[in-house]
Amino acid sequence: MMIENPLCLLLGNLEKPPPSGWVKVNSDVCGKELESVVESLVRDESRKVLHAYSERVDFVEPSIAEAAGLLASIRTAIDCGHSCAVFEGDCLNVYGGLSTALKDATWDLQRILT
């Protein structure tokens, strides 16, 4: 199978490992009073942790912080050289929004995801 895109993105669930040759990237956010911390774990199909990443972001609104977490997860997968990844997160507003047109997202989510 020839991959045309720099990153194949699928939304997944915690129950299933990624397809063979793919990685699963799980993101989570811990909100604080003045900032949030975004975290990403990259695992292979045997659930072995290949990479871990975290950073502080200046967002405290939960959906915005979760969008920043997804963006950090995508960047982590690309920076680590993975071309096919399944992304998981627990924010329906962000992950569910990926299945709709970006123009329909709120302006603040558009700013983070573009």
Residues that are within 23 Å of Ser20 (Cα to Cα) and in a strand (DSSP E or B), drawn from region 45-90 = Val49, Leu50, His51, Ala52, Tyr53, Cys84, Ala85, Val86, Phe87, Glu88
Take Val42 and decide whether it is surrounded by 15 or more Cβ atoms within 10 Å (Cβ to Cβ), in a strand (DSSP E or B) and at pLDDT 90 or above.
-> yes
Region 72-86, subset out of contact with any helix residue (DSSP H, G or I) (no Cβ under 6 Å at 6 or more places or on another chain) and hydrophobic (A, V, I, L, M, F, W, C), residue surrounded by the fewest Cβ atoms within 10 Å (Cβ to Cβ) | Ile78
Please name all residue pairs, on different chains or six or more residues apart, with Cβ atoms under 9 Å, provided the first residue is in region 36-51 and is closer than 15 Å to Glu88 by Cβ and the second residue is among the aromatic types (Phe, Trp, Tyr) and in a strand (DSSP E or B).
-> Val38/Tyr53; Glu39/Tyr53; Ser40/Tyr53; Leu41/Tyr53; Val42/Tyr53
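The values are calculated or read from the model by the stated rules, or taken from the named source; none is laboratory data. Everything numeric here is computed off the predicted structure, so don't read it as measured data. Reconstructed Cβ throughout: ideal geometry from the backbone, glycine too, with neighbour counts over all protein chains shown.
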